[in-house]
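A short reminder: the numbers here are calculations on the coordinates, not readings from a lab. Keep in mind that what you see is a predicted model, and the values were worked out from it rather than measured. Cβ: placed from backbone, ideal geometry, glycine included. Neighbour counts: every protein chain shown.
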Amino acid sequence: MPELRLQLDVMERNAARMANAIRALGKDWRPHVKSHSHPEIAAILKRHGACGATCATIGEVEAMADAEMASALLAHMVVNESDLNRLASLTQKISLLLTIDHFVHAERISETAQREGVEFRVLVDVNIGMNRTGVRPRVDAVRLAAAAHKLPGVSVCGIMGYEGHLLRIPDEAEKQKSIFESMNALEQTRDAFHQQDVPCDIVSAGGSGSFWITGQHPAVTELQAGGGIFGDPFYTEQCGLTDVEPALIMKADVVSRPALDRAVLNVGRKEINPVLQEPRILNLPDAVIASMSAEHTVLNVDGESRDLRIGDTVELAVGYADHSLLMHRRIQVYDGSAHVDTWSVVRE
């Protein structure tokens with residue numbers, strides 16, 4: 001039966017290497033936890049120097065509070081009253097940062113703050129080219145920040161922007177040039193905040209596919225790289241991340257050998273999402289993935305891989321943890337070859 005394994009020892013090494021690299025850049029580390037959302041992993045990140053966490057959901061913020069993480073940035077807009085009430089209750093457990101890109105967000109945050117007797121710190125989300133969320137840099141961002149900062153219960157303290165559209169530029173020099181242009185927009189926005197006496201102590205950016213470049217920009221104060229702790233092939237093969245190893249492994253069985261050059265595994269798209277990055281075969285150098293369906297993966301095999309027999313185990317490195325981990329309820333945790341725990345996946 002397929003089994004999703006986390007190699008804890010490998011993940012720890014990856015986390016230590018990322019933490020050391022970010023420390024050498026002189027930046028704070030606020031790793032994104034959306035791929036795993038797990039308090040035990042958060043505790044490991046904290047041990048390696050993380051100043052807080054970046055979250056995509058309120059459930060993740062709650063998990064980080066349970067892990068006694070110092071702070072959490074919710075890098076997702078919150079618009080309804082019940083969610084804001086949940087966040088208000090969390091201010092007693094963890095230092096919160098919310099994000100806004102429209103005055104409506106600020107108004108609703110202010111209403112909740114006044115009703116619940118709390119104060120929310122916020123970052124203005126700035127669109128630096130990804131064209132997802134975010135207000136336009138410079139003038140529009142400053143107008144929003146200045147207006148929001150005047151609202152009761154709202155304290156603007158910085159900006160964030162994500163250069164996710166630039167992660168897969170293959171030429172390193174071109175990638176650095178493009179990322180720095182995006183970071184320049186954040187720097188100019190920060191300077192405009194200061195000119196209008198709006199606080200901007202935090203400039204948050206950077207992902208696992210870019211942090212070693214983004215962190216070289218002097219305006220950036222913290223980096224959100226988090227998924228790289230799993231050593232995903234997406235980051236290493238498409239984004240240029242180095243010095244990490246695959247830590248999230250799918251163990252699959254050979255269930256069919258219909259031809260000498262073909263083997264079929266009992267794992268498919270219901271366990272691993274291959275859209276952004278196919279899984280990598282770890283223990284068969286002469287095998288390649290021919291196709292993936294809902295419940296099967298077909299391998300083309302050659303050389304030594306032709307010795308595969310029905311019942312043999314094949315190891316696949318999950319291509320992109322963010323798209324695959326939340327398809328599972330549990331992760332089997334290993335330290336080397338020893339099974340040490342079973343962790344539930346935070347799904348909210």
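When the pairs 34/177; 46/93; 34/93 are compared against a 24 Å limit on Cα-Cα distance, 34/177 fall above it. Taking P(r) over Cα pairs in 20 Å bins from 0, in percent as calculated from this structure, the corresponding entry among [x] 31, 60, 9; [y] 30, 58, 12, 0; [z] 30, 52, 17, 1 is [z]. Note on residue 1 and residue 177: their simple-model spin labels are 5.4 nm apart, each label 7 Å out from Cα toward Cβ. Note on residue 136/residue 345: beta-carbon distance plugged into 1/(1 + (r/R0)^6) with R0 of 41 Å gives a FRET efficiency of 0.65.
What the phi angles of region 68-85 give under the Karplus curve with 6.51, -1.76 and 1.60, with θ = phi - 60°, is a coupling list of 6, 5, 5, 8, 9, 9, 8, 8, 8, 6, 10, 10, 9, 5, 5, 5, 5, 5 Hz, glycine and proline written as x. Of the peptides 228-235, 28-35, 141-148, the ranking by mean beta-carbon count within 10 Å, highest at the top, reads 228-235, 28-35, 141-148. The distance between label points at residue 184 and residue 146 comes to 2.5 nm (points 7 Å beyond Cα on the Cα→Cβ vector).
Take the alpha carbon atoms of region 84-117, find their center, do the same for region 182-217, and report the distance between the two centers in whole angstrom. The distance from the Cα centre of region 84-117 to that of region 182-217 comes to 23 Å.
Of the residues 254, 213, 242, the one whose Cα sits farthest toward the positive end of the charge dipole of the chain, with +1 on the Cβ of Lys and Arg and -1 on the Cβ of Asp and Glu, is 213.
Since only 293, 319, 31 are under comparison, the one whose Cα sits farthest along the positive direction of the charge dipole of the chain, derived from C-beta charges on Lys, Arg, Asp and Glu, is 31. If the segment from residue 275 to residue 24 were pulled out straight at 0.36 nm per residue, it would be longer than the present Cα-Cα gap by 87.0 nm. Separation of region 147-167 from region 1-33 is 26 Å, based on Cα centroids. With charges set only on the Cβ (+1 for Lys and Arg, -1 for Asp and Glu), what does the dipole of region 190-348 come to about its Cα centre, in debye to the nearest 20? Dipole magnitude for region 190-348 comes out near 560 debye. Cut-off 19 Å, label point 7 angstrom out along Cα-to-Cβ of residue 111: give me the residues of region 64-88 whose amide nitrogen falls inside. Counting only backbone N, you get 77-88.
Rounded to 0.05, the FRET efficiency of the residue 155 and residue 255 pair, given R0 = 56 Å and the Cβ-Cβ distance, is 0.45. When the trypsin sites (Lys or Arg not before Pro) in region 145-218 are filtered for DSSP coil states and for at most 12 other beta-carbon atoms within 10 Å of their beta-carbon, the remaining sites are 150. Projecting the Cα atoms of 156, 266, 186 onto the charge dipole of region 121-270 (Cβ charges, centred on the Cα centre) puts 266 farthest toward the positive pole. Across region 248-344, the convex hull enclosing all Cα atoms gives 98 Å³ per residue.
Dipole size of the chain about its Cα centre, with +1 on Lys/Arg Cβ and -1 on Asp/Glu Cβ: approximately 420 debye, rounded to the nearest 20. Note on the chain: antiparallel DSSP beta bridges, both residues inside, total approximately 50 percent of the bridges counted.
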